[in-house]
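Below is one structure, written out as structure tokens; the observations come after it.
The values are calculated or read from the model by the stated rules, or taken from the named source; none is laboratory data. Predicted, not measured: the structure shown is a model, and the values here were computed from it. Virtual Cβ from ideal backbone geometry, glycine too; neighbours counted across all protein chains shown. Side chains are part of the model used for accessible areas, which takes the heavy atoms of the whole protein and leaves out ligands, DNA and RNA. Shrake-Rupley method; radii C 1.70, N 1.55, O 1.52, S 1.80 Å.
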Amino acid sequence: MTIQQLNYVITISETGSFNKASAILYVAQPSLTSSVKELEKELGITIFHRSGRGVTLTNDGMEFLLYARQLYQQYKS
């Protein structure tokens with residue numbers, strides 16, 4: 001897990017879309033998707049429900065997001 005991946009998850013959850021998040025983060029959408037899938041595999045959880053209309057957090061994803069925000073804030077301070 002990297003700080004960059006935490007930032008990706010936070011941004012995706014705020015925008016509700018991998019596409020919008022990739023534009024904000026200046027990262028290619030396939031790279032963003034790949035990085036999040038790698039993180040999900042590492043953690044053994046699914047963070048996002050993916051659909052044609054965007055993404056929503058799973059229950060595990062909501063729990064992880066709290067942790068991610070806390071860690072990311074500490075990193076930025």
Q | Residue in segment 31-49 that is farthest from Y8 (Cα to Cα), counting only those that are open to solvent by 80 Å² or more (accessible area, probe 1.4 Å) and within 12 Å of the chain's Cα centre (by Cα) | A | H49
Q: List every residue pair whose Cβ atoms sit under 6 Å apart, with the two residues 6 or more apart in sequence or on different chains, where the first one lies in segment 49-75 and is under 15 Å from M1 (Cβ atoms) and the second, anywhere, is assigned to a strand (DSSP E or B).
A: G61/F48
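Mind checking which residues of segment 50-77 are of a type in the set (G, A, S) and either surrounded by 15 or more Cβ atoms within 10 Å (Cβ to Cβ) or within 12 Å of the chain's Cα centre (by Cα) (or both)? Walk me through it before giving the result.
From segment 50-77, those of a type in the set (G, A, S) are 51-52, 54, 61, 68, 77; that's our starting set.
Passing the criteria: G54, G61, A68.
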